[in-house]
Structures are given as structure tokens and as C-alpha cells.
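K.L.:
Sending over a structure as C-alpha cells; questions will come in a sec.
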Amino acid sequence: MTEGIWMMKRPNTKIMALAISSVLSLISPALAETISKPKDQPAMTKIQMIVGGDVLFATLEDTTAGQDFAAMLPLDLTLSDYHGIEKVADLPRKLDTSGAPASYKPETGDITLYAPWGNLAIFYKPFQASRGLVRLGEFDGPIDALIQDGSIRVRIEPVD
């Protein structure tokens, strides 16, 4: 019986957090949003890549390089095959890679920058960790429209 009484007196932390968030949203919506947003949840930029009649959606990371790439959009590029693993295109300028790791191991669907050459690299097959490769983001779904022989024209733009 004592255990049952203790359980009734112990506050439910989920209910308490919801109540505190509700009160804060009345007092200060900005403070409530700051407190309720997980700290490990960075802001992400949504983009779309138009390939012929297909639209592929992707998410850029909230990194210096990801933000710098987003600032370049919209872009019209010609992607060409590179070693049957990735599609690549030259960018109009180098991206700021401050704070980026020295290397990255790409997976299928990763949008990256090969910093030494300053080109965009979209992987349609996984590859080994490569020095100078910087992850910019990833596609949100299948990338079948990109897997074509030869060069393809694409338009990359922010999603409103």
C-alpha cells in the first residue's frame, strides 16, 4: 500500500514538462521554443533537385559548408559520372569548409563537396573515407532519377 501512495505522489515528468512549456509559451514564445527544441537538433535547410520531370528532395546540414552551399542556390548544373560511384559538377566558387572534418565516408544519397577541387559530388554508391570530402547533406528519398549514363542537367533550389 505504501508503494501505491508513493507512485501517486511522484510527479509525472512528461506532464510537468508540457505544463511548463505551455506556461512559457504564454509568457515568451521565443523562450518556450528555445527550451523545448532539443539541443542536438540543428536547423536544416530543405532543397530540391529537379532532374528532367522528377523532383528529388534533400536536406542540407547546418554546417558552415552546408549553409554556404545553400546561399549559392538556385544553381543550374551539369552532373557527370565519376568512376561509376558518384555524379560531380563544378561549383561557381569554393565553399567555406571551416570546422569540417578532414575526411568523410560517403553513403548512397550523400551530397558532398570535394574541397581540394571545389566540386559537388553526389554519391549513388557508398565509397571509402576520403580526405577532403565534406558532407553537405543527404537526399530524403530514392535518387533513381540521378542514376543515368552520361551527363545530366539539374536545377538545385531551396524549398520555400
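K.L.:
Once R0 is set to 30 Å, what does the formula 1/(1 + (r/R0)^6) return for the Cβ-Cβ distance between Asp144 and Ser98, expressed as a FRET efficiency to the nearest 0.05? Working shown, then result.
P.N.:
Numbers: r = 34 Å, r/R0 = 1.14.
Efficiency at R0 = 30 Å is approximately 0.30.
K.L.:
Could you run the Karplus curve 6.51 cos²θ - 1.76 cosθ + 1.60 with θ = phi - 60° over region 82-90 and give me ³J(HN,Hα) per residue in whole Hz, x for Gly and Pro?
P.N.:
Result, rounded to whole Hz: 9, 6, x, 10, 8, 10, 10, 7, 6.
K.L.:
Sticking with this structure for a sec: Multiply the residue separation of Val55 and Ser80 by 0.36 nm, subtract the distance between their alpha-carbon atoms, and state the gained length in nm to one decimal.
P.N.:
Values: separation 25, 0.36 × 25 = 9.00 nm, distance 1.82 nm.
Taking 0.36 nm per residue and subtracting the Cα distance, the gain is 7.2 nm.
K.L.:
Roughly how big is region 49-140's charge dipole about its Cα centre, with Cβ charges of +1 (Lys, Arg) and -1 (Asp, Glu), in debye to the nearest 20? Present the calculation step by step, with values, prior to reporting the outcome.
P.N.:
Working: 7 positive and 13 negative charges, 71 e Å.
That gives a dipole near 340 debye.
K.L.:
While we're on this one: How much of the accessible area of region 70-132, probe 1.4 Å, is carbon plus sulfur, in whole percent?
P.N.:
Values: 1710 of 3200 Å².
Of the solvent-accessible surface of region 70-132, carbon and sulfur hold 54 percent.
K.L.:
Same structure again: In region 37-128, which GluC sites (Glu not before Pro) fall in coil by DSSP and have 16 or fewer other Cβ atoms within 10 Å? Before the final figure, lay out the partial values.
P.N.:
On the way: sites: Glu61, Glu86, Glu107; in loops: Glu61, Glu107.
Those that pass, being in a loop and sparsely packed, are Glu107.
K.L.:
Right, next: What's the FRET efficiency of Glu107 with Arg153 using the Cβ-Cβ distance as r and R₀ = 25 Å, to the nearest 0.05?
P.N.:
On the way: r = 25 Å, r/R0 = 1.00.
Between Glu107 and Arg153 the formula returns 0.50.
K.L.:
Rounded to the nearest Å, what's the spacing between the alpha carbon centres of region 71-126 and region 134-160? Just the number, please.
P.N.:
Here the answer is 11 Å between Cα centres.
K.L.:
Stokes-Einstein D for region 40-160 at 37 °C, 0.692 mPa s, Kirkwood Rh over Cα pairs, in µm²/s?
P.N.:
Working: Rh = 14.2 Å.
Value of D from the Cα-based Kirkwood radius: 232 µm²/s.
K.L.:
Given a 1.4 angstrom probe, what's the average accessible area per residue across region 99-152, in square angstrom? All intermediate terms of the calculation are to be shown ahead of the outcome.
P.N.:
Values: 2670 Å² over 54 residues.
With the other protein chains kept in place, region 99-152 gives 49 Å² per residue.
K.L.:
What does the charge count around Arg155 come to, taking other residues whose C-beta lies under 13 Å from its C-beta (Lys +1, Arg +1, Asp -1, Glu -1)?
P.N.:
Numbers: positive: Arg153; negative: Asp54, Asp76, Glu157.
Net of charged neighbours comes to -2.
The values are calculated or read from the model by the stated rules, or taken from the named source; none is laboratory data. None of these values were measured; they are calculated from a predicted model. Cβ: placed from backbone, ideal geometry, glycine included. Neighbour counts: every protein chain shown. Note: areas computed on protein heavy atoms with side chains; ligands, DNA, RNA excluded. Shrake-Rupley method; radii C 1.70, N 1.55, O 1.52, S 1.80 Å.
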